[in-house]
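Note sheet for the following structure.
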Amino acid sequence: MAYNFNDAVAVITGAGSGIGRALAIGLAGQGAHLALSDINQSGLDETAALIGDKVKIRTDLLDVTNRKAMFEYAEMVQAHFGKVNLVFNNAGSALNGEFTRTGLGDFDWQMDVNFGGVLNGTKAFLPILEQAEWGHITNISSIFGIIAAPGNSAYNASKFAVRGLTECLRIELGQAKSTVSCTSVHPGGVKTNVVRNARSARGNTFMGGKTHDEMVKNFDKLARTSPEKAAAIILKGTAKNKKRVLVGTDAKIIDKIQRLFPTVYFPIMVKLFGYGKDLME
């Protein structure tokens with residue numbers, strides 16, 4: 001199975017910046033019409049302006065954690081375009097903090113955004129996708145949905161959950177011989193604002209005692225993939241109906257390490273990337 005995006009209708013959450021914006025621009029370049037949402041209106045407006053009138057665009061303010069709003073949004077998008085072929089559940093956030101210092105409320109917030117947003121989008125749009133000639137759901141997890149990263153217990157939990165949901169759904173859709181399939185995406189370091197905007201549970205410093213500024217500086221050194229490159233990889237993987245898409249050389253290396261050394265990958269990552277070195281000393 002392979003998809004042609006020309007004249008398809010694509011839904012993208014978190015389209016106001018980063019990977020979401022790059023996905024919108026990339027899809028528009030392939031002739032797809034766009035339903036773009038975000039919690040930031042100015043970001044949405046900027047994305048729409050960058051695309052111009054190449055394709056049909058609808059923009060909506062949307063909180064992906066609001067289940068009622070998501071289902072109403074899905075109905076509005078279908079009514080507006082007449083069909084939906086692609087859903088990119090991209091909206092997400094980051095929360096750092098060790099498990100013992102991360103409150104249950106912090107966990108609830110992180111799970112509501114990263115997992116709940118994906119769950120809501122998948123549930124709301126799947127019946128609509130099944131009404132089209134073909135459909136595909138692409139859910140953005142993380143490389144931290146493949147390996148555990150100390151200091152990110154809530155984030156890890158949410159991204160592992162996205163991966164589990166997506167992989168299970170793909171199997172079920174295949175068993176049902178559905179016209180819809182899905183892909184789990186695992187970016188490594190991508191130059192977006194997700195780390196800059198990360199919350200710190202109960203005022204935690206980042207792993208190893210790093211401040212937020214130190215964390216951002218360290219991330220900027222490690223993040224080698226641009227949003228545009230990430231989007232191109234995601235769109236190529238989606239077009240080929242890949243089960244899993246790894247974004248960035250770092251993600252590919254870490255995935256191989258996890259496969260080869262599933263119980264001792266963290267010390268190896270420390271040696272290769274210097275990741276979490278403070279915690280090993």
Self-check item: Subset of the range 8-52 [small (Gly, Ala, Ser), in contact (Cβ under 8 Å) with a residue 60 or more places away in the chain and touching a Phe, Trp or Tyr at 6+ places or on another chain (Cβ under 6 Å)]
Solution: none
Quiz item: Residues in the range 48-62 that are assigned to a loop (DSSP other than H, G, I, E, B) and crowded, with 17+ Cβ neighbours inside 10 Å: how many?
Solution: 2
Quiz item: Does the range 135-144 hold any residues that are outside any loop (DSSP other than H, G, I, E, B) and modelled with pLDDT of 95 or more, and which are they?
Solution: GLY135, HIS136, ILE137, THR138, ASN139, ILE140
Exercise. Go through the range 23-47 and give me each residue that's small (Gly, Ala, Ser), within 18 Å of the chain's Cα centre (by Cα) and surrounded by fewer than 24 Cβ atoms within 10 Å (Cβ to Cβ).
Key: GLY26, GLY43
Quiz prompt | Filtered residues of the range 128-174 (kept if under 22 Å from ASN96 (Cβ atoms) and of a type in the set (Lys, Arg)) | solution = LYS159, ARG163
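When the range 84-108 is examined, which residues are found to be in contact (Cβ under 8 Å) with a residue 24 or more places away in the chain and in a helix (DSSP H, G or I)?
PHE99, ARG101, ASP106, PHE107
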Self-check item: Qualifying positions in the range 5-31 - more than 22 Å from PHE71 (Cβ to Cβ), in a loop (DSSP other than H, G, I, E, B), of a type outside the set (A, V, I, L, M, F, W, C) and touching a helix residue (DSSP H, G or I) at 6+ places or on another chain (Cβ under 8 Å)
Solution: SER17, GLN30
Exercise. Note down all Cβ pairs under 9 Å where the first residue falls in the range 238-255 and is more than 21 Å from VAL270 (Cβ to Cβ), the second is among the basic types (Lys, Arg) and buried (at least 17 other Cβ atoms within 10 Å of the Cβ), and they're at least six residues apart or on different chains.
Key: LYS243/ARG170; ARG244/ARG163
Practice problem: Test ALA132 against the stated conditions and say whether it is outside any helix (DSSP H, G or I) and in contact (Cβ under 8 Å) with a residue 12 or more places away in the chain. | Solution: yes
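Do we have ILE12 as more than 21 Å from HIS136 (Cα to Cα) and under 18 Å from the mean Cα position of the chain (by Cα) here?
no
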Self-check item: helices (runs of 4 or more DSSP H) wholly inside the range 192-273 that include at least 3 residues being modelled with pLDDT under 75
Solution: 212-222, 265-273
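The rows are residues; the columns are (1) in contact with a Cys (Cβ under 7 Å, 6 or more places away or on another chain); (2) of a type in the set (Gly, Ala, Ser); (3) surrounded by fewer than 23 Cβ atoms within 10 Å (Cβ to Cβ); (4) farther than 26 Å from LEU44 by Cα.
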site	(1), (2), (3), (4)
MET70	no, no, no, no
TYR73	no, no, no, no
MET76	no, no, yes, no
PHE88	no, no, no, no
SER93	no, yes, yes, no
ASN96	no, no, no, yes
PHE99	no, no, yes, yes
LEU104	no, no, yes, yes
ASP108	no, no, yes, yes
Quiz item: Consider ARG67 against the criteria (1) under 20 Å from ILE128 (Cβ atoms); (2) at pLDDT below 95; (3) among the basic types (Lys, Arg): it satisfies all of them except one. Which criterion is unmet?
Solution: (2)
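The values are calculated or read from the model by the stated rules, or taken from the named source; none is laboratory data. Quick caveat: nothing in here was measured; it's all calculated off a predicted structure. All Cβ positions, even for glycine, are placed from backbone atoms using ideal geometry, and neighbour counts span all protein chains on display.
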